[in-house]
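J.: Here you go, one structure.
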Amino acid sequence: MPSQYIPVLIVAFLAIAIPVVGFEVWKRVSPDSLPSGDYLQPRGKGIQPGPQLDGEYPERVFTVAILFVIFVSAMVFLFLLAVKFSQMGGYGLAVMAIFMAAVLAGYVWLYKTGVLDWN
């Protein structure tokens, strides 16, 4: 039984090791990442540099980011239902329909409340 978990442990190890090694290599190889000199000068005729963001973003950006994460994770569950659809039969179809109705209701509610309106 424990030998069945070896592939899962290998994938988990790689999922952690690859980003860590990549960040370490990037940190050692990349030059100083702060812009300076001519890079900060405006390009072209009459183009003024845009406003400098000092770490403050509109609240709407974070709201949309959270909604994106929520709905993408909901689609992961839909994918899992689709994988086992043939084994679940009519029950699986009913569960998928209820799930999609809930996701669609969420989108409709967001649209009606104006969260998705950027103007």
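J.: All but one of (1) modelled with pLDDT of 70 or more; (2) loosely packed, with under 10 Cβ neighbours inside 10 Å; (3) more than 27 Å from the chain's Cα centre (by Cα) hold for residue 30; which doesn't?
T.: (3)
J.: Picking from 65, 17, which residue would you name as being in a helix (DSSP H, G or I), assigned by TED's automatic domain parsing to the domain that holds residue 115, out of contact with any His (no Cβ under 8 Å at 6 or more places or on another chain) and at pLDDT 75 or above?
T.: 65
J.: Are there any pairs with C-beta distances below 6 angstrom linking a residue in segment 106-118 that is in the same structural domain as residue 73 (by TED's automatic domain parsing) and closer than 16 Å to residue 60 by Cα to a residue that is in a helix (DSSP H, G or I) and not β-branched (Val, Ile, Thr), with the two at least 6 apart or on different chains, and if so which?
T.: What qualifies is 116/110.
J.: Given the residues 65, 82, 102, 74, which is the only one that is surrounded by 10 or more Cβ atoms within 10 Å (Cβ to Cβ) and more than 23 Å from residue 114 (Cβ to Cβ)?
T.: 82
The values are calculated or read from the model by the stated rules, or taken from the named source; none is laboratory data. None of these values were measured; they are calculated from a predicted model. Quick reminder, even Gly has a Cβ in these numbers, built from the backbone with ideal geometry, and neighbours come from all protein chains shown.
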